[in-house]
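Below is one structure, written out as structure tokens; comments come after it.
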Amino acid sequence: MELKAAIQKRTSVRVFKDEKVPVQDLKEMVRLAGLAPSVNNYQPWKYIAVINKEVLNRMADTIARKIAELPLKKTVASKNIITQVTWFSTFFKDAPAVLALVIEPYETVLESGTDLSHEEINKTRNYPDIQSAGASIQNLLLSAVDMGYAACWMSGPMIARKEIEEILGIKPPSSLLAFIAIGKSRSEPRPKEKPNLADSLVIIN
Ligand SMILES: Cc1cc2nc3c(=O)[nH]c(=O)nc-3n(C[C@H](O)[C@H](O)[C@H](O)COP(=O)(O)O)c2cc1C
């Protein structure tokens, strides 16, 4: 598929066919995700593929519990919002596969030449580890489309980040950043209208 076609076809898909994603295909998506630009070419990420239903359900239940503990406003609307947020944060449990992106430590040249800590440098440079991971995820989403799959990038589940890190065995200094739910779309994906495109470029000449 042409790159432009994949970019135009990609849309977030949340309901999937009950059809496994072969591990070989997940490996290929992660290989292509790994070709993204990254800080110092460090590829400061690791993907954990979760295809085990019991683990997916356990993570979804944990997230739902954390959302239920949020201080709710006493309005009907807020109840509806919580129901909606719970679904948008847990639908991955019915996806054939979920990739969890883990941020891994990286080093900058500055670290060896200054007394600044890694955290200070990372903050000063505006989190190049997270920026790198974003590039990798976008590569992954486009690769999925190219290979006939659909996906959804998810930060909602991060409300239970600590608990999920425990379930997946992620230990500091590594940390969980996001989920990507993957499968074959149950319906023909229709890309969303992007209303603000005209406002998204400023030219300084
Ligand atoms: C950083 C990030 C976090 C997101 N988190 C979620 C999420 O937790 N749940 C969800 O259903 N969609 C999530 N999305 C998908 C967005 O809702 C979606 O990209 C947006 O509505 C635009 O639609 P499109 O991807 O089809 O163009 C996330 C997207 C990004 C980039």
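The values are calculated or read from the model by the stated rules, or taken from the named source; none is laboratory data. No experiment lies behind these values; they were computed from the predicted model shown. Counting neighbours? That spans all protein chains shown, and the Cβs are built from the backbone with ideal geometry, glycine included.
Here are the numbers for the structure shown:
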read-out	value
Residue within the stretch 9-17 that is assigned to a loop (DSSP other than H, G, I, E, B) and away from the ligand (no atom under 16 Å from the Cβ) present	yes
First in the stretch 57-75 and at pLDDT 95 or above, second anywhere and of a type outside the set (Val, Ile, Thr), Cβ under 6 Å, 6 or more apart	Asn57/Lys93; Ala60/Lys93; Thr62/Ala160; Thr62/Glu163; Ile63/Ser89; Ile63/Pro157; Ile63/Ala160; Lys66/Ala160
Selection within the stretch 194-205 - more than 18 Å from Val145 (Cβ to Cβ) and not hydrophobic (A, V, I, L, M, F, W, C)	Pro195, Asn196, Asp199, Ser200, Asn205
Residues located in the stretch 171-180, provided they are surrounded by 15 or more Cβ atoms within 10 Å (Cβ to Cβ) and farther than 26 Å from Val13 by Cβ	Ser174, Ser175
Counted residues, the stretch 80-106 - those being part of a loop (DSSP other than H, G, I, E, B) and hydrophobic (A, V, I, L, M, F, W, C)	1
Helices (runs of 4 or more DSSP H) (entirely within the stretch 107-205) containing at least 2 residues that are among the hydroxyl-bearing types (Ser, Thr, Tyr) and over 18 Å from Ser89 (Cβ atoms)	128-146
Within the stretch 110-138, considering residues that are of a type outside the set (Val, Ile, Thr) and buried (at least 19 other Cβ atoms within 10 Å of the Cβ), the one nearest to the ligand (Cβ to nearest atom)	Ala133
